[in-house]
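The values are calculated or read from the model by the stated rules, or taken from the named source; none is laboratory data. Because the structure is a prediction, the values reported are computed rather than measured. Here the Cβ is made from the backbone with ideal geometry for all residues, glycine too, and neighbour counts use every protein chain on show. Only protein heavy atoms, including side chains, enter the accessible area calculation; ligands, DNA and RNA are left aside. Shrake-Rupley method; radii C 1.70, N 1.55, O 1.52, S 1.80 Å.
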Amino acid sequence: MQITCRINNREFIREIEPDLLLIDFVRSLGFKSVKRGCDTSNCGLCTVWVDEKPVLSCSVLAARVNHRIVTTLEGLEEEAKAVGRFLAKEGAEQCGFCSPGLIMNILAMKKEFKTPTTDDIKQYLAGNLCRCSGYESQLRAIEKYFDLEGKNQ
Amino acid sequence: MKTVNQGIEKIDAMSLLTGKAVYTDDLALENCLVVKVLRSPHAFAKIKDIDLTDAMKIEGMECILTYRDVPNKRFTMAGQSYPEPSPYDRLILDRMVRYVGDPMAIAAGTSEKAVDKALKLIHVSYDLLDPVLDPDKALDHKSIIHPEADYHVNGDIGNEVKRNLCASGEFSAGDVENEFSRCCVIVDRVYHTKANNQAMMETHRSFSYPDHAGRLVICSSTQIPFHVRRIAATALDIPKSRIRVIKPKVGGGFGAKQTLVSELFPALVTMKTGKPAKMVFDRSETFTASTSRHEMKIRVRIGADKAGHILAIQMDTLSNTGAYGEHGPTTVGLSGHKAMSLYNRAKAVQFTYKVVYTNTMSAGAYRGYGATQGTFALESAVNELSDLLSMDPLQLRLKNILKSGDTVAAYYGETINSCPLPACIQKGREMIGWDRKFPFRKISPTRIRAVGAAIAMQGSGIPDIDRASARVEVQEGGFYTLMIGAADMGTGCDTILAQMAAESLGCDMDKIVVSSVDTDASPYDTGSYASSTTYVTGMAVVKACEELKRKIEAKGIYPALSASATHSSPVSPPPFMAGFSEIEMDLETGETKVVEFVGVVDCGTPINPSLARVQTEGGIVQGIGMALYEDISYNPKGKMTRDSFMQYKIPSRLDVGRVRVEFESSYEPTGPFGAKSIGEVVINTPSPAIAHAIHNAAGIYLRKLPMTAETIFMTLKEQKTAWPSVLKN
Ligand code: FES
Ligand code: FES
C-alpha cells in the first residue's frame with residue numbers, strides 16, 4: 001500500500017507492507033535515533049511524536065501515519081541540544097541508548113507542564129526505562145532544565 | 001589537577017543525546033542478509049534429524065546451516081584471556097541441545113519475513129533426554145550434560161565433567177574448627193541468590209561482511225573486541241589474522257557482552273555465502289538465549305567471641321553455571337574471596353566450592369561477578385551475628401574489618417594500600433540518620449520504616465592477566481590521537497582515559513581525540529570487564545603520555561611523534577563501599593519500597609566524579625532490582641518463565657526512592673592519579689542492606705532473593721512472628 005506523510009518537515013510517499021511498524025518505517029528512512037529496547041511496549045525507547053503527541057513507534061503500524069505528521073529526535077535537534085546540555089552536565093547519558101526516547105518525552109512534557117513537580121516528572125516519564133543511570137542524574141538534569149525554562153518564560 | 005578529578009562532560013555526550021547513528025544496528029550495511037536462529041524447545045535432547053527441504057523452498061532464503069555445517073572444534077564463548085579458565089564445551093551448533101533456547105539451525109535470507117517463515121518449516125526430530133534442572137541434584141545425576149569426548153579444560157579447575165561438575169576447589173587459612181570451638185556465638189545459614197538478567201537496553205547484535213582482501217569483518221556490540229577476534233577464529237576455524245573486529249558505541253553491557261552471544265551466527269553466514277549478514281536479538285531472545293548471573297547457594301558459618309571479635313568464617317558455595325561453563329570456574333571464586341577478605345581480623349577462614357552444570361541457560365558475567373552473591377550471603381550472616389550478640393551492626397563491622405596496610409590471606413595474599421572503609425561507614429551512618437532510625441520507626445498502624453546496612457569490596461582488574469595498551473600520537477596542528485583497545489560500553493571510559501591523557505600532557509580535553517576500537521588499528525587490550533579499565537588501561541595511558549612527554553622534551557614536538565605503552569598490574573586493589581537502605585513496609589501486604597539508599601564509595605581518586613556518581617547510582621538501582629524482584633526461573637520442563645520486561649520487572653523511576661551517593665576517597669599509589677575501579681562494587685550492598693532492613697522492620701530473615709512482597713507476606717504468616725518489632729512498641 002502507499003502512504004504519504006510528513007516526517008521532520010519532509011514529505012515522504014512510500015510503498016509499504018501493511019504490517020510494517022512505524023519504528024521500522026522511520027529507521028528504514030534513515031531516522032536512526034529511534035531505538036527498540038523490548039518486544040512488549042514496556043521500555044519507551046522508541047518514542048516518537050505523531051501529530052505532536054508521543055507514541056510508542058513499536059506499537060503503531062506505519063499505515064496509521066498516512067497523512068499525518070511524524071517527528072523524531074532528528075527533527076528536534078536544537079531542542080534536543082537544550083535538554084541534552086543538562087543531561088550531559090550530570091553525566092546522565094551513560095550508554096545513551098535510552099536518551100532519544102527520553103528526550104522526546106521530556107519535550108512532550110514541556111508542552112503540557114510549565115513547571116512540573118518531581119512527582120509529575122516521575123509519573124510522566126515512568127514508561128521510559130533506563131538500566132544504566134538509576135534515574136537520579138536524569139531527574140537532577142530535568143529539574144534544572146525546567147527550572148531554567150520556567151524562569152525564561 | 002586541571003582535568004582529572006573534574007566532572008567533565010562525556011566526549012560523546014552530544015552525539016548520543018541528539019540521537020546520532022552510532023550504535024551497531026545504525027551502522028549495519030543496508031544489504032545485509034537477515035540472520036535468525038532456530039532454538040531448541042527441549043531442555044535436553046539429541047537431534048535425530050533436521051529436514052530443511054520445505055524451509056529452503058521459501059523465496060529469499062539464502063542458506064540454512066545446521067550441526068553438519070560447523071567446524072568441529074569446541075570452544076568457550078567467555079571473553080577471557082587465553083588460556084581461558086572456562087571449559088571448551090561448545091560448538092556453534094551441536095547435535096546435542098542442552099537448554100530451552102540452545103541453537104539448532106542458523107537461517108539467513110533477504111527479508112525477515114522469509115526467514116521467519118522458513119524457521120517454521122524446519123522439521124526436527126529428537127531423542128529426548130532426562131534434563132537436570134535442579135542444581136542441588138546435578139552432581140552425579142544419571143544424565144550427563146557433557147558426555148562428548150572432545151570436551152576440554154585448559155588447566156586444573158577441579159573439573160569432573162562426567163559428574164556434571166564444571167569446577168571445584170578450596171582455600172583455607174588458619175584452623176577454622178579450632179577457632180569455632182572458641183566462639184560463643186555462631187551463625188550457620190544457607191543463602192540463595194537467583195540468576196538475573198543484565199537487561200542492558202541495547203540487546204545483543206552484530207553484523208559481518210567480507211572486506212576487500214576477503215577477510216571477515218565483525219562489527220559487534222561487545223565489551224571484548226580482541227577476545228571476539230580470537231574466539232571467532234577458533235570457532236570458525238580460520239586464522240586470527242583473517243578477522244577484524246569493530247566495536248561501535250555500545251548500549252550497555254554490565255557483563256552480558258563479556259561473552260560472545262550473537263557474533264558467530266552472522267559471521268558463519270558471511271563465511272559460507274560471502275555476503276554481509278546481520279543478527280539482532282529481540283528482547284525475549286536476550287532473556288532466554290544469552291547468559292545470566294550465576295545462581296548460587298552459599299552456606300556461611302561465622303563465629304565470634306562475646307566481645308564481638310569474629311574468629312572464624314567458613315563459606316561453601318554451590319554455583320549453577322547452566323548448560324555451558326562460561327565464567328563458571330571464575331565467578332565462584334569471588335563469592336568467597338571478595339566477601340571474606342572484608343573481615344581480615346578473623347583468625348581462620350575457609351572457602352570451598354562446586355560449580356555444576358544444569359539444563360538451564362548458561363550463566364556468564366554480570367556486574368559484581370560472584371562477589372555480589374557472596375556479599376549478600378556473608379553480609380546477611382554478619383547482620384544476623386550482630387543480632388545474636390546484641391551489638392550494633394556497624395560497631396561489629398568497625399571491630400572486624402580490614403585496614404590499610406593489612407596483608408589479606410583471603411585476598412590472594414595482597415597488601416591493602418588504601419582502605420577508608422571506616423570513614424565510609426561513618427559518613428553513611430550520618431547521611432541516613434542511623435542513630436535516629438535504627439532499627440525501625442512506626443509511621444502508621446500498618447506501616448513501618450526500618451534501616452539496614454552492608455559493606456562490600458571488589459577488585460580493580462585481574463592481576464597479571466588483564467593487559468592494556470595505549471598509543472598517543474602528535475598530529476598536525478598540535479592535537480593528539482589516543483588509541484586504546486578498551487571498550488567503552490556507556491561507562492564513559494573514552495572520556496576518563498582522555499582526561500588522564502590531557503592531565504599527563506598538560507593540554508585541554510579538546511586536544512585529545514579518542515578512536516573507538518578496531519582490532520586492525522587499536523592497540524591490544526583484554527577488554528572492559530573485571531573493573532579493569534580505569535585502573536589497568538588508565539595506567540597504560542599515563543605511561544604512554546609520560547613517554548611521549550620525554551620524547552617531546554628531547555626532540556621537540558612534531559607530527560607523527562608517538563609513544564606506546566602496555567600495562568598489566570601484579571595487584572588488584574579493592575574499591576570499597578558502605579551501603580545503607582531505608583525501607584517502608586506495608587505490614588498488611590508485605591509490600592516493601594526502598595525510600596532511600598545511601599552509598600558511600602571509595603574508588604581511590606574519582607577521575608570523573610560526575611560519571612563515578614552516576615555509575616554508583618545506576619549500580620545501586622540494579623542492586624535494588626536484584627534484591628526485590630528480578631528473578632530468572634524455569635517451569636518444570638525447563639522453559640524460562642519470564643522473558644520480557646512485562647514479566648521480568650527492572651526498576652522504573654517510580655520504583656526507587658532517593659539514592660544519595662558520596663565519596664570517601666583514598667589514594668591508591670599503584671593506580672593512575674591514585675584511582676581504583678568503580679564499575680562493579682556499587683551493585684553489591686543493596687541486597688544485604690535491604691534484607692537487613694526487612695529484618696529490622698518485621699523480625700524475619702529472608703535468605704533467598706528476590707525478597708518480593710509475596711515472600712515477605714508468606715514468611716510473616718508462616719512464622720507467625722506477628723511482627724515482633726512492632727509489638728514491642
Ligand atoms: S520498543 Fe520498547 S516500548 Fe517500543
Ligand atoms: S543510559 Fe543506558 S539505558 Fe539509559
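Values computed for the structure shown
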quantity	calculated
Residue match in region B:421-428 (condition: modelled with pLDDT of 95 or more, surrounded by fewer than 21 Cβ atoms within 10 Å (Cβ to Cβ) and basic (Lys, Arg))	yes
Checklist (1) in contact (Cβ under 8 Å) with a residue 12 or more places away in the chain; (2) closer than 22 Å to residue B:653 by Cα; (3) away from ligand 2 (no atom under 16 Å from the Cβ) applied to residue A:90, failing item	(3)
Options B:582, B:553, B:547; residue that is under 30 Å from the mean Cα position of the chain (by Cα) and modelled with pLDDT of 95 or more	B:582
Single residue of B:546, B:584 found to be open to solvent by 10 Å² or more (accessible area, probe 1.4 Å), in contact with a helix residue (DSSP H, G or I) (Cβ under 9 Å, 6 or more places away or on another chain) and part of a strand (DSSP E or B)	B:584
Residue in region A:42-90 that is surrounded by the fewest Cβ atoms within 10 Å (Cβ to Cβ), counting only those that are within 14 Å of ligand 1 (Cβ to nearest atom) and under 30 Å from residue B:612 (Cβ atoms)	A:42
Qualifying positions in region B:248-291 - within 16 Å of ligand 1 (Cβ to nearest atom) and assigned to a loop (DSSP other than H, G, I, E, B)	B:251, B:252, B:281, B:282
Some residue of region B:393-410 being under 28 Å from residue B:591 (Cα atoms) and of a type in the set (A, V, I, L, M)	yes
In region B:272-288, residue nearest to the chain's Cα centre (by Cα) [restricted to those that are away from every other protein chain (no Cβ under 14 Å) and buried (at least 22 other Cβ atoms within 10 Å of the Cβ)]	B:279
Selection status of residue B:644, more than 16 Å from ligand 2 (Cβ to nearest atom), under 27 Å from residue A:124 (Cβ atoms) and polar (S, T, N, Q)	yes
Any hit, region B:203-217, residues being within 14 Å of another protein chain (Cβ to nearest Cβ), modelled with pLDDT of 95 or more and under 18 Å from residue B:331 (Cβ atoms)	no
Pick from region B:387-397, criterion of a type outside the set (A, V, I, L, M, F, W, C) and open to solvent by less than 10 Å² (accessible area, probe 1.4 Å), ranking: nearest to residue B:313 (Cα to Cα)	B:397
Residue check for residue B:321: within 27 Å of the chain's Cα centre (by Cα), away from ligand 2 (no atom under 16 Å from the Cβ), within 28 Å of residue B:159 (Cα to Cα) and within 14 Å of chain A (Cβ to nearest Cβ)	no
Extreme residue, farthest from ligand 2 (Cβ to nearest atom), among residues of region A:31-41 that are open to solvent by 20 Å² or more (accessible area, probe 1.4 Å) and more than 22 Å from residue B:198 (Cα to Cα)	A:31
Of all residues making up region B:187-209, the number that are in contact with a helix residue (DSSP H, G or I) (Cβ under 7 Å, 6 or more places away or on another chain) and surrounded by fewer than 16 Cβ atoms within 10 Å (Cβ to Cβ)	1
One residue from B:688, B:636, B:672 being more than 14 Å from chain A (Cβ to nearest Cβ), more than 28 Å from residue B:543 (Cβ to Cβ) and buried (at least 24 other Cβ atoms within 10 Å of the Cβ)	B:688
Meets criteria (open to solvent by 10 Å² or more (accessible area, probe 1.4 Å) and not in a strand (DSSP E or B)) for residue B:229	yes
The one condition in (1) closer than 27 Å to residue B:7 by Cβ; (2) in contact (Cβ under 8 Å) with a residue 24 or more places away in the chain; (3) touching a helix residue (DSSP H, G or I) at 6+ places or on another chain (Cβ under 8 Å) that residue A:101 fails to fulfil	(3)
Selection status of residue B:593, open to solvent by 10 Å² or more (accessible area, probe 1.4 Å) and away from every other protein chain (no Cβ under 14 Å)	no
Residues located in region A:18-40, provided they are farther than 21 Å from residue B:646 by Cβ and either of a type in the set (Ser, Thr, Tyr) or within 7 Å of ligand 1 (Cβ to nearest atom) (or both)	A:28, A:33
Checking residue B:611 against (1) of a type in the set (A, V, I, L, M, F, W, C); (2) out of contact with any strand residue (DSSP E or B) (no Cβ under 8 Å at 6 or more places or on another chain); (3) at pLDDT below 95, the condition it does not meet	(3)
Within region B:599-626, tally of residues that are open to solvent by less than 10 Å² (accessible area, probe 1.4 Å) and away from chain A (no Cβ under 14 Å)	4
Any hit, region B:131-145, residues being surrounded by 16 or more Cβ atoms within 10 Å (Cβ to Cβ) and either acidic (Asp, Glu) or under 21 Å from residue B:278 (Cα atoms) (or both)	no
Candidate set from region B:617-641 (those that are of a type in the set (Val, Ile, Thr) and touching a Ser or Thr at 6+ places or on another chain (Cβ under 7 Å)); member that is farthest from residue B:679 (Cα to Cα)	B:641
